[in-house]
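Q: Right, I'll just put the structure down here and ask away after.
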Amino acid sequence: MSTIKVCVEYLEPGMELALDIKGVDGSVLMPRGHVLAENDISRLAGLREASAPVRRESIADEKDWTRRSCVDYARRFFYYVDADDPFLNELFRVSAERVAKARQLGFELRCSDEIAARSVEHLSDVFFSNDLSIESLVLHETKLASFPDIYFKLKQVIDNPASSAKEISQVVSSDVALAGKLLKLVNSPFFGLSSRVDSIERAVSLVGARELSTLALGITTINFFKDIPPELVDMRSFWRHSLSCGVFSKLLAAYRKLPSERLFIAGLLHDAGRLVLFKDMPYASVQALIFARSNLLPQVVAEREIFGFNHAEVGGRLLADWSFPEALVATVAHHHDPHRAPEPVEAAVVQIADLLANAAEISSGGMYMLPAMAPEATKLAGIPAQDISRLMAAHDEAIEELTKALL
């Protein structure tokens, strides 16, 4: 006899318990061998049981049940997207297929009751709600923080029209760690250079001075955020999602012949505002997480409900205060409302990239609902639905190597 853990939401009448279900006092609520009926499943759900051990042989048609449970699992993340949009409809199909493949390789579906924010009663917010604003948050962050010296040196040389490629390469090369990461990045197959680059000066000549400088600024920012409460976010997972968004942004940019390096960094930094909220408003951030998960809401909607603004607006203001290029600032600030951006196509590309990154993570334990999008966003991005599988495959091929290079 083999046992399988089944989330309560995927239990079906006729399944047989492989082990006793016990109450908090140790008493047996349902014995091993009990065949579940509809009222039993409702009772387990009422008891807030996340899952139940089921005898595999009792599943009438395991292949069909597995397929249906994988589709239902993926569907929960697409609750707020337009099912009639051909692009999003195909994204859902591909996501469900990826969940099914991951399941075959041992991925366990996360049960609804297992997706919960951890307690942060011991943490306190920097601001009271009546004192909170985007400006106060960003000002607090920029006052306390000390950005790496390399950032200011880079900004100085980039903003000087007379700067040569050699001068830019000298500044970048002065930071050994940064130079090493940049070389790994541009030498990755994802960047597709025809020959290996062994110096920053050579990288500048091939990629472009402004483009390489933008990449350098973005990479420097990764190391800026520290002291984020681990109860709120695993930083490696956060940056991996951000890197996924950057990968998809670059892929989509190449498709639309847009500035791919800048959009790669816009994707990488699209959630920087979320880190500011986590750092300065940890308790309220958890309230937003709980509100989102308990009401099946996209995080960006929950943020506006709790804070009165969202992480994209905070991130845009932060990058503006750090004097990032205006086009990049606007793209980050409007990646959830691209129609308001000066370059709506670029903001739509990052919004679609964020959606693709979240969808790609569903089959590996991602927890974020895909936010709703205005119908014009997919039209603005102009990516055919039939290309989603190709984009996912290209992302999967690149993400592991880039994660090793940058994180």
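Q: Within 10 Å of each residue's Cβ, count the other Cβ atoms and sort 239, 65 from fewest upward.
A: 65, 239
Q: Could you sort the peptides 308-319, 8-19, 384-395, 160-171 by per-residue average Cβ neighbour count (10 Å cutoff), highest mean leading?
A: 308-319, 8-19, 384-395, 160-171
Q: Under 10 Å, Cα contacts only: if you run a Gaussian network model on the chain, which one of 177, 381, 254 comes out with the highest mean-square fluctuation?
A: Greatest mean-square fluctuation among the candidates belongs to 177.
Q: Test of understanding: what is the full-extension gain from residue 256 to residue 231, defined as 0.36 nm times their sequence separation minus their Cα-Cα distance? Please report the intermediate quantities before stating the final value.
A: Numbers: separation 25, 0.36 × 25 = 9.00 nm, distance 3.91 nm.
Result: 5.1 nm gained on full extension.
Q: So which cysteines in the chain don't have a second cysteine's C-beta under 4.7 Å from them?
A: 70, 245
Q: Then there's this: In whole Hz and in residue order, list the ³J(HN,Hα) couplings for the range 398-407 that follow from phi through the Karplus curve 6.51 cos²θ - 1.76 cosθ + 1.60, θ = phi - 60°; x for Gly and Pro.
A: Coupling constants for the range 398-407: 8, 5, 5, 5, 5, 4, 5, 6, 9, 9 Hz.
Q: Please compute the modelled spin-label separation between residue 224 and residue 345, points set 7 Å along Cα→Cβ, answer in nm with one decimal.
A: Reported label-point gap for residue 345 and residue 224 is 2.9 nm.
Q: Enter the Cα centre distance for the pair the range 1-72 and the range 221-240, rounded to the nearest angstrom.
A: Each part reduced to its Cα centre gives a spacing of 37 Å.
Q: What is the order of 336, 270, 140, fewest Cβ neighbours within 10 Å to most?
A: Exposure proxy ranking, most exposed first: 140, 336, 270.
Q: When the Karplus curve 6.51 cos²θ - 1.76 cosθ + 1.60 is applied with θ = phi - 60°, which whole-Hz ³J(HN,Hα) does each residue of the range 84-98 get, with x for Gly and Pro?
A: Karplus-based 3J(HN,Hα) across the range 84-98 equals 8, 6, x, 5, 6, 5, 5, 4, 4, 4, 5, 5, 5, 5, 5 Hz.
Q: How big is the dipole moment of the range 224-343 about its Cα centre under a simple scheme where the beta carbon of each Lys and Arg is +1, that of each Asp and Glu is -1, and everything else is neutral? Debye, nearest 20, please.
A: Details: 13 positive and 13 negative charges, 79 e Å.
It works out to roughly 380 debye.
Q: Something else about it: Putting +1 on Lys and Arg Cβ atoms and -1 on Asp and Glu Cβ atoms, find which of 294, 151, 199 reaches farthest to the positive end of the dipole of the range 129-406.
A: Of the listed residues, the answer is 199.
Q: Using the Cα centre as the reference, give the magnitude of the dipole from point charges on the C-beta atoms of the range 1-60 (Lys, Arg: +1; Asp, Glu: -1; all else neutral), rounded to the nearest 20 debye.
A: The calculation lands at about 180 debye.
Q: Tell me which of 235, 225, 264 sits at the most positive position along the dipole axis of the range 224-311, charges placed on C-beta atoms (Lys, Arg +1; Asp, Glu -1).
A: 264
Q: Now for a separate question. Ordered by residue, what ³J(HN,Hα) values in Hz, to whole numbers, does the range 365-378 give under the Karplus form 6.51 cos²θ - 1.76 cosθ + 1.60, where θ = phi - 60° and Gly and Pro are x?
A: Result, ordered by residue: x, x, 10, 8, 5, 6, x, 5, 10, 5, x, 6, 4, 5 Hz.
Q: In addition: What is the set of long-range amide H partners of residue 82 at a cut-off below 5 Å, with H atoms built 1.01 Å from backbone N?
A: Those qualifying (amide H under 5 Å, at least 5 residues apart or on another chain) are 373.
Q: Taking the Cβ of each residue in 56, 196 as the centre, tally the other Cβ atoms inside 10 Å and list the residues starting with the fewest.
A: Working: 56 14, 196 9.
If I rank by nearby Cβ atoms, fewest first, I get 196, 56.
Q: Provide the gained length on full extension for the span residue 113 to residue 386, in nm with one decimal, where the gain is 0.36 nm per separating residue minus the Cα-Cα distance.
A: Values: separation 273, 0.36 × 273 = 98.28 nm, distance 3.46 nm.
My answer for the length gained is 94.8 nm.
Q: Could I ask something else about it? Could you tell me the largest-minus-smallest coordinate of the C-alpha atoms of the chain on each of the three principal axes, in descending order and whole angstroms?
A: If we take the Cα atoms of the chain, the spans are 79, 50, 40 Å.
Q: Give the long-range amide H neighbours of residue 6: residues separated by 5 or more places, or on another chain, with amide H under 5 Å away, using H modelled in the peptide plane at 1.01 Å from N.
A: Residues meeting the criterion, in which the H sits 1.01 Å from N, are 52, 54.
Q: Over the chain, what is the relative contact order in whole percent, taking alpha-carbon pairs under 8 Å and six or more residues apart?
A: Over the chain, the number comes to 19 percent.
No value in this document is a laboratory result; all are computed from the given coordinates. Just so it is clear, the structure is predicted and the values come from calculations on it, not from any experiment. All Cβ positions, glycine included, derive from the backbone under ideal geometry; neighbour counts span all protein chains shown.
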